[in-house]
């Protein structure tokens, strides 16, 4: 499952890996895990932004395999997929980080404190919100490590 030297920022017009392939790669002495996905811009035509959170697209989009992701929270099932590693557009393929520390390029919603559990439920496009209900707790996919620096510890490997 490891592949040192993998280009995580590559944007593929056609799949070059099997969708759902997971790879581990060290980064600054920390092992992080990544998943190969297909991007769908959703009903709102929301482009993927590197460093923002993506969510699993609704099954109606055609994904019953948890390999199609979107940045359009309204066109998702409120289940976090990972942190995008490249600026993906509709129909392209690339990588999301699914575990380990990640620095987001967008602020977290809900003013969470360091250590707060995070969820897509109630979040804006591309980010996560603080867990405030038991329903959201079921979709907890990360923890705030340093909210000022936008660092999370992600565990999107549901």
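The values are calculated or read from the model by the stated rules, or taken from the named source; none is laboratory data. All values reported here derive from a predicted model rather than from experimental measurement. Cβ atoms come from the backbone with ideal geometry, glycine included; neighbour counts cover every protein chain shown.
Structure above, values below:
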| read-out | value |
| --- | --- |
| Selected residue (criterion: nearest to the chain's Cα centre (by Cα)) from residues of the range 33-57 that are assigned to a loop (DSSP other than H, G, I, E, B) and within 17 Å of residue 15 (Cβ to Cβ) | 48 |
| Test: residue in the range 97-107 that is more than 17 Å from residue 32 (Cβ to Cβ) and crowded, with 19+ Cβ neighbours inside 10 Å | no |
| Criterion (surrounded by 22 or more Cβ atoms within 10 Å (Cβ to Cβ) and at pLDDT 95 or above) met by exactly one of 82, 51 | 82 |
| Residue 148 being surrounded by fewer than 19 Cβ atoms within 10 Å (Cβ to Cβ), without any contact (Cβ under 8 Å) to a residue 12 or more places away in the chain and within 22 Å of residue 30 (Cα to Cα) | yes |
| Residue satisfying all of: in the range 132-144; more than 16 Å from residue 98 (Cβ to Cβ) and at pLDDT 80 or above; surrounded by the most Cβ atoms within 10 Å (Cβ to Cβ) among these | 144 |
| Scope the range 105-121; condition in contact with a helix residue (DSSP H, G or I) (Cβ under 8 Å, 6 or more places away or on another chain) and in a loop (DSSP other than H, G, I, E, B); matching residues | 120, 121 |
| Test: residue in the range 63-86 that is over 23 Å from residue 41 (Cα atoms), assigned to a loop (DSSP other than H, G, I, E, B), out of contact with any strand residue (DSSP E or B) (no Cβ under 8 Å at 6 or more places or on another chain) and without any contact (Cβ under 8 Å) to a residue 12 or more places away in the chain | no |
| Any hit, the range 151-158, residues being within 11 Å of the chain's Cα centre (by Cα), part of a strand (DSSP E or B) and crowded, with 19+ Cβ neighbours inside 10 Å | yes |
